[in-house]
Amino acid sequence: MKTIDAKEAARLVKEGAEMTHRERMRLREEKLHALVDYAREHSFYLSKKYKKLPENYTLFDIPITEKPEMTENYDDYVTDPEIRLPQVEAYLEREASDGRLFLDKYTVLHTSGTTGKPLYMVRDDYRNKLHGQLITQRLLKGIGPDIMDHTKHKLAAVIFAEHGSSSYEGFLRQQASAPGYEDRMLAVNILEDTETIVRKLNEFQPEMISGYASVLALLALEKQKGNLDIPVRMIANSAEALSRESHLFIENIFGCPVKNNYCMTEGGEIAMTQDGPDMLLNEDFIIVEPVDENRNPVADPGQWSQGILVTDLTNYVQPVIRYYVNDSVKVEKIADDEARLPVFQIQGRVNDIFKLCNKPFSTAGINMIAEFCSGILDHQFTQIADDELQVRALTANETDKEKALGNLRDELERYFKEHGCPNAKVSYSTKLPVKKKQGGKSPRYMDLRK
């Protein structure tokens with residue numbers, strides 16, 4: 001296992017932020033070769049995948065990695081032979097109060113698993129300390145990490161509070177880290193209705209809230225209406241893209257800093273805000289390559305990508321190298337002599353607030369239902385009437401498409417009924433998801449009402 005001293009991790013993150021773009025690119029190349037060479041030596045699967053790399057290979061010589069490769073070749077993919085998928089799965093089934101590390105040295109979490117096969121990610125000390133410092137020094141710049149200390153401040157997380165999800169696993173680890181202070185942290189499930197979320201937050205009175213963008217926007221609306229009254233000093237967004245408009249709206253309503261972090265289970269802390277609403281790419285630790293629909297680099301840096309290739313230069317136990325993600329982004333091109341991080345914009349995976357039967361909902365809740373619905377690979381909700389939502393989806397088996405869509409429709413009707421909207425109509429269409437003209441993405445929600 002690769003490890004690092006906490007002070008050394010802090011030094012590396014600090015120095016990286018002070019370098020010029022040229023210096024970071026030179027350092028990035030060294031880190032890339034160190035990671036790839038390590039993977040070739042310690043991963044049975046990657047040693048075969050990278051066998052034909054030239055002697056002086058570049059980033060573009062390295063083959064692209066897709067999610068199924070990791071899930072289907074898990075035991076051969078990881079670089080520690082002690083790690084085996086059945087044991088990883090069993091570890092995540094442990095009691096929530098069990099704060100032990102996997103194999104006494106690793107943290108573990110998993111993706112949502114839209115195909116029914118979640119990707120389990122194992123992270124070591126080296127990766128965790130460096131990404132922790134990215135949060136401390138960059139995301140929390142101007143505030144200080146003290147605000148995240150639940151022994152000093154009450155923290156609430158409005159997240160998908162199910163065992164195994166990355167946000168919830170992180171919440172549980174922090175909660176278990178300080179015995180006796182567990183009641184100073186509150187996890188509220190995004191599947192709760194808005195009234196319940198507001199009530200729980202009002203009762204808890206948190207000083208810091210973390211959550212998904214669409215839920216935070218809903219909370220700002222509740223605050224604006226006078227329903228939410230909490231002494232919050234900082235709000236942190238994660239897991240969803242937060243638009244500049246939403247960022248400024250939430251910040252204005254709550255009167256406190258809003259910190260925005262673009263991270264993922266596989267790639268970690270990719271980009272984050274520091275001094276304002278613009279997110280900055282952590283290009284000294286994460287490589288992001290905007291690509292078109294054929295996985296080739298975008299021709300124009302100013303255009304929205306059709307996806308990205310992500311390389312986490314800190315993960316040696318389960319290497320993420322040129323890993324494809326279906327997000328639409330733009331990465332600012334900066335001069336070699338500029339000593340700043342490039343602005344990073346993301347368009348993909350944005351959840352919205354919509355009204356059904358004149359009742360507000362966040363797509364975060366229904367997205368989670370769709371992602372855990374058997375047979376659904378990709379989904380979209382189109383609003384076709386004030387009281388009707390239509391589901392479109394890509395399914396694992398086209399012959400059973402209507403069955404999968406029917407099951408999802410039934411789950412959604414049950415959800416809306418349980419959340420005070422019994423007259424909501426849910427239908428489905430076998431047509432493919434509608435694409436936006438800008439970027440060619442298929443957003444999770446589109447309003448198709450005339």
#### Entry: Restricting region 184-292 to trypsin sites (Lys or Arg not before Pro) in coil, as DSSP defines it, with at most 16 other Cβ within 10 Å
K225, R233
### Summary
Phi-derived 3J(HN,Hα) across region 144-159 with the Karplus relation (6.51, -1.76, 1.60, θ = phi - 60°), rounded Hz, x for Gly and Pro, is x, x, 4, 5, 8, 8, 6, 7, 10, 9, 7, 10, 10, 10, 9, 9
### Task
Choose one of G307, V288, Y323: the residue whose Cα lies farthest towards the positive end of the charge dipole of region 282-328 (beta-carbon charges +1 Lys, Arg; -1 Asp, Glu; about the Cα centre).
Y323
### Task
Within region 246-286, which residues have the backbone N less than 11 Å from the label spot 7 Å out from V343 along Cα→beta-carbon, could you tell me?
277-280
### Message
What distance in nm lies between label points placed 7 Å from Cα along the C-beta direction at E8 and L101?
### Response
1.5 nm
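Expected output is a single nm value to one decimal: the length gained when fully extending between E411 and Y38, i.e. 0.36 nm times separation in residues minus the C-alpha distance. What is it?
Between E411 and Y38, full extension yields 129.7 nm more.
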### Query
What accessible area per residue, rounded to a whole number of Å², is obtained for the chain using a probe radius of 1.4 Å?
45 Å²
### Solvent-accessible surface ranking, highest first, for H247, H42 at 1.4 angstrom
H42, H247
### Distance violations [Cα-Cα > 21 Å] among K359/K417; K330/K355; K14/K259; K152/K259; K152/K223; K355/K450
K330/K355; K152/K223
### Hits among aspartates and glutamates - C-alpha to C-alpha of K403 under 16 Å, sequence gap 8 or more where chains match
E371, D378, E411, E413
### Accessible-area value, Y168, 1.4 Å probe, nucleic acids and ligands omitted, Å²
40 Å²
### Query
Taking all protein chains as present, what is the carbon and sulfur share of the accessible area of the chain, in % to the nearest whole number, probe 1.4 Å?
48 percent
## Note on the structure
Rounded to the nearest 500, the 222 nm mean residue ellipticity computed for the chain from DSSP H runs (n ≥ 4, each -39500 (n - 2.57)) alone is -9500 deg cm²/dmol
### Query
Over region 228-335, what number does the Rg to Rh ratio reach, with both radii from the alpha-carbon atoms and Rh per Kirkwood?
1.03
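Jot down the per residue volume, in cubic angstrom and as a whole number, of the convex hull over the alpha-carbon atoms of region 39-177.
149 Å³
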### Message
Strictly greater than 17 Å: what percent of every Cα pair in region 300-363 meets that?
### Response
63 percent
### Message
For the chain, set up a GNM with springs between Cα atoms under 10 Å and report which of M272, M25, M121 has the largest fluctuation.
### Response
M25
#### Entry: For M279, residues with placed amide H under 5 Å, excluding near neighbours
F344
### Message
Please check: in the Gaussian network model of the chain (C-alpha springs, under 10 Å), which one of P422, P118, P206 has the largest mean-square fluctuation.
### Response
P422
### Cβ-derived FRET efficiency at R0 25 Å, E293 paired with E72, nearest 0.05
0.60
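For a distance above 31 Å, tell me the whole-number percent of Cα pairs in the chain that qualify. Intermediate values should be presented prior to the final figure.
On the way: 42429 of 101025 pairs.
The share of Cα pairs beyond 31 Å in the chain comes to 42 percent.
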## Note on the structure
Here the Kirkwood hydrodynamic radius of region 26-91, Cα-based and in Å, equals 13.0 Å
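The values are calculated or read from the model by the stated rules, or taken from the named source; none is laboratory data. Bear in mind that the values here come from a model prediction, so they are computed numbers and not experimental data. Note that each Cβ is placed from the backbone with ideal geometry, even for glycine, and that neighbours are counted across all protein chains shown. Note: accessible area is taken over every heavy atom of the protein model, side chains too, but ligands, DNA and RNA are not part of it. Shrake-Rupley method; radii C 1.70, N 1.55, O 1.52, S 1.80 Å.
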